[in-house]
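Below is one structure, written out as structure tokens; the observations come after it.
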There are 2 protein chains.
Amino acid sequence: MSAPAIELLAIGDELLLGETLDTNSRWIAHRLARAGIRIAQTTTVGDEVGRIRTALAAALARSGTVVCTGGLGPTIDDVTRHAVAELYGRRIVIDEAWIDVLRERYRVRGIPMPEINRVQGELPEGARALPNPRGTAPAIVIDDPAIGMTVLLPGVPSEMRGFMDDVVVELLRERLGARSPILIRLLRTAGLSEAALADSVADLVHDTSPVSVAFLPHTAGVDLRLSCDGGDADARRRLEQLLVELRDRVGTAVYAEDDSDLAAVVGELLRARGLTLAVAESCTAGMLGKRLTDAAGASAWLLGGFIVYADAAKRDLLGVEAELLAEHGAVSEACARAMARGARRRVATDVGLSITGIAGPGGGSAEKPVGTTWIGIDTAAAAAARRFVFPGDRAEVRERATQAALDLLRRTLLRD
Amino acid sequence: MSAPAIELLAIGDELLLGETLDTNSRWIAHRLARAGIRIAQTTTVGDEVGRIRTALAAALARSGTVVCTGGLGPTIDDVTRHAVAELYGRRIVIDEAWIDVLRERYRVRGIPMPEINRVQGELPEGARALPNPRGTAPAIVIDDPAIGMTVLLPGVPSEMRGFMDDVVVELLRERLGARSPILIRLLRTAGLSEAALADSVADLVHDTSPVSVAFLPHTAGVDLRLSCDGGDADARRRLEQLLVELRDRVGTAVYAEDDSDLAAVVGELLRARGLTLAVAESCTAGMLGKRLTDAAGASAWLLGGFIVYADAAKRDLLGVEAELLAEHGAVSEACARAMARGARRRVATDVGLSITGIAGPGGGSAEKPVGTTWIGIDTAAAAAARRFVFPGDRAEVRERATQAALDLLRRTLLRD
């Protein structure tokens, strides 16, 4: 892809100690990708002048433009300004106009400004301070034709995002001459392994230039991501053509062509058909209900459900017969069917959907190993159940079971 | 702290495009910090042989030891093995023993192995493959005294974590001669804001040297983290003393002194007391059940529950009276109490626990703004309900409601 590229430098001991999850780099990457700017590389270093200077110099040498986050606070461990001043060979000066702004803010609140805040006026000589309406640290832009341009942003996510949206995205687009956003399209699939999906489309993705194709496996399925330079009409045509070919090939395993969650897709199918749903969950114990209600609006079609963790609950709440449980066990086709039927009847809905499985780590046997799961569905017209043996740990088995139940429901609704 | 240091290299276009949040680097940093190993720097690059090779070479030159994650999948965009082979000047060979293992796994599941999986046997000549019990890509360890040691781990979090816990942490400790792990102790609290907690312990955390104290706020509560050099006996004593002082001061808001989840703490209280639980969830729609069953073993005390998203379900499944709903609404003390009572009676348990609230974004009013939530609890001895108004978006309100329900149950069990 020929989109212009920059680098990111995230600064903070807390990131290297694993105490804080760096959500800023991802947000910036996502934001810039859609603005036609690529991230070539990101680096994370601690609050040390030497490390920051060395990493920033290397990034500028590679890419010419770097956005840094973090290390702009008022306390002694915040050294980003000094590292940058050293690298650019500038002395530190004080932006008295910004100190006046801060002092006025404190005055309005009726408290004296802590003197420590004078640090927030520091910047390398000749750099530009961008006032911060959301906090005390201004963003700083410093440019030198021989070194490159560095943008310093506070690490506080809301302040960083504000600067990006207000000023920095446009600043970067102008500097880099980014004319055309990257065009990104997704095909989200469920029910196929990455290897099976790759096998089935191998000939289509063999040579896709100028379009990039990537397989993105998640616990819940595999996404196919197609991307190209949005300013290249030929590339756009090729991408759209490839999208159609892949969609036709992959068929009903594709559940979305954007970043929709499968639960949202299923909810929309139920809403459009005017159908109502009840769920019955054993090993997932509420995950299916949770997923279905992640977005608001589910009350139109999800009426209720049952967490039937104990066999007694399957019997008492859903009417699964004791004899059935004794003969087949709770993880069986018969039980999954009875659970789906029980949920549908007791909540009086159009559809009942059930999950019963062995999430592990214990409870498996040779005949029913950990991961064995039956998904049941029951409607006025038909009833069915499917068996799966999911890989992964307890959390993954439960996630995969939830996704498989949603996918079985989706496929059933598509057929009706 | 003088702990030996390594570097991390995260590989994947999806990371640079902002499509995937890199949780692996944080997890590894966190895990290694406890094992006495510091992360000096982390770098993220895309799936390009040249970029990977250059970044890896630079990291090895700085630190001598690098852990890489990602780019070990079976598809053409996964090029990590090839970049590493180039850097170390080795050719790619196939580990046929591993292919046999994969083939046997597929045979057991009754499906033929996709031929694309042969890629999973590829490794640089002379490197060591560590078998992967959780997936198809082995970890790869390659060492050359002139270049340094590189450990390649799959990007799938559960597989990466399994390798770290099973083998890699010990491997790194031995290589680096890490003698004294950092001693880290947690006090996890629920029901207090960060500011309230900080105020209540301000005098105790004013000067704690040589022990570090940090406040770590999450959606679900605030953790107090105490840490020191585990090799320093004086520091260890000071840490233990401080831990006792803080615990005494914070009191029953402390629910754990390790990284236990509140749901696990509550489960243990129920188990120890021989009590059984049923839940009734409206706005959380299964999140409470899910949390309670994240760890195995919940079947001893969680018998069942109800997802009562619609008012009709509250009435039909739990026996909440239509008049009550008409008079007070579903988000009310009366409804929370009736839901908890209904759950307890219909599943025949010792305790019933309910959540009913307005998660948003819509549905709020002046009297009952978004975030308004009632938590109800019902036992043979007593019944109670508490009102909360949680801040945050829909997802946060639901998480906070789940945590508050668990905390109300915990405090009730502690009193009995």
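The values are calculated or read from the model by the stated rules, or taken from the named source; none is laboratory data. These numbers were taken from a predicted model, which means no experiment stands behind them. With ideal geometry, Cβ positions are generated from the backbone for all residues, glycine too; neighbour counts draw on all protein chains shown. Just the protein is used for accessible areas: all its heavy atoms, side chains included, with ligands, DNA and RNA removed. Shrake-Rupley method; radii C 1.70, N 1.55, O 1.52, S 1.80 Å.
Here are a few things to note about the model shown:
- For residue A:25, the solvent-accessible surface computed with a 1.4 Å probe is close to 20 Å², ligands and nucleic acids excluded.
- Summarising the label geometry, the points placed 7 Å from Cα in the beta-carbon direction at residue A:386 and residue B:193 lie 4.9 nm from one another.
- Proximal lysines to residue A:314, defined as alpha-carbon separation beneath 24 angstrom and excluding residues fewer than eight positions away on the same chain: A:290, A:368, B:290, B:314
- Note on region A:124-147 and region B:140-161: Cα centroid distance 39 Å, given to the nearest whole angstrom.
- Chain A contacts chain B over a buried accessible area of about 5400 Å², both sides summed; the probe is 1.4 Å and only protein chains count.
- FRET efficiency, residue A:128 to residue B:208 (Cβ-Cβ, R0 45 Å, nearest 0.05): 0.65
- Label sites at residue A:295 and residue B:233, each approximated as a point 7 angstrom past Cα along Cα to Cβ, lie 6.3 nm apart.
- Accessible surface, per residue, of region B:325-416 when the full set of protein chains is kept, probe 1.4 Å, Å²: 42 Å²
- Degrees, to the nearest 10: B:233-250 long Cα axis against longest axis of chain B: 20 degrees
- Label-point distances for residue A:75 to the equivalent site in the other copies, using a point 7 angstrom along Cα→C-beta, read 4.3 nm when ranked shortest first.
- Equivalent ellipsoid semi-axes - Cα gyration tensor, the protein assembly as shown, angstrom: 44, 35, 28
- Paramagnetic reach from residue A:316 (point 7 Å along Cα→Cβ, amide N under 19 Å) across region A:286-305: A:286, A:305
- 7 Å along Cα→Cβ, label-point gaps from residue A:175 to other copies, nm, shortest first: 3.6
- With contacts taken as Cα pairs under 8 Å at a separation of at least 6 residues, region B:57-144 carries a relative contact order of 26 percent.
- Potential lengthening of the chain between residue B:174 and residue B:76 amounts to 31.8 nm, from the contour at 0.36 nm per residue minus the alpha-carbon distance.
- Solvent accessible area, Å² - residue A:309, 1.4 Å probe, full protein context: 40 Å²
- Peptide B:8-16 has a mean shielding of 4, counted as Cβ atoms of other protein chains within 10 Å of each residue's Cβ.
- In chain A, the sites counted are trypsin sites (Lys or Arg not before Pro) in DSSP loop states with at most 12 other Cβ atoms within 10 Å, and the longest stretch holding none of them, exclusive of the sites, is A:180-416.
- Shown for the protein assembly as shown: the carbon plus sulfur share of the solvent-accessible area, taken with all protein chains present and a 1.4 angstrom probe, equals 50%.
- In range of the label at residue A:116: residues from region A:61-76 whose backbone nitrogen is under 20 Å from the point 7 Å along Cα→Cβ: A:70-76
- Those residues of region B:289-329 for which accessible area with every protein chain present is at least 40 Å² below the isolated value (1.4 Å probe): B:290, B:293, B:296, B:303, B:305, B:307, B:309, B:317
- Local electrostatic count at residue B:256 - Lys and Arg +1, Asp and Glu -1, tallied over other residues with Cβ under 13 Å: -2
- 16 Å tail of the calculated P(r), region A:111-196, as % of Cα pairs: 67 percent
- Calculated P(r) of region B:285-392 - Cα pairs past 23 Å, %: 26 percent
- Computed lengthening from residue A:147 to residue A:240, 0.36 nm per intervening residue step minus Cα-Cα distance: 29.4 nm
- With eigenvalues of the C-alpha gyration tensor scaled by 5 and rooted, region B:18-102, Å: 24, 17, 15
- Take residue A:374: with every protein chain present and a 1.4 Å probe, its accessible area is about 40 Å².
- Entry note, chain A: relative contact order of 11 percent, from Cα contacts under 8 Å with a spacing of 6+ residues.
- Centroid-to-centroid separation of region A:385-416 and region A:312-344 [C-alpha atoms, Å]: 19 Å
- Residue-normalised accessible area of region B:122-214, expressed per residue, 1.4 Å probe, Å²: 44 Å²
- Accessible-area order (highest first, 1.4 angstrom probe) of the listed residues B:284, A:75, A:136: A:75, A:136, B:284
- Net charge over other residues, Cβ less than 11 angstrom from the Cβ of residue A:293 (K, R count +1; D, E count -1): +2
- Between region B:221-240 and region A:182-258, the Cα center-to-center distance that results, in Å: 50 Å
- A label point on residue A:345, set 7 Å along the Cα-to-Cβ line, lies at 2.3 nm from each of its counterparts in the other copies, closest listed first.
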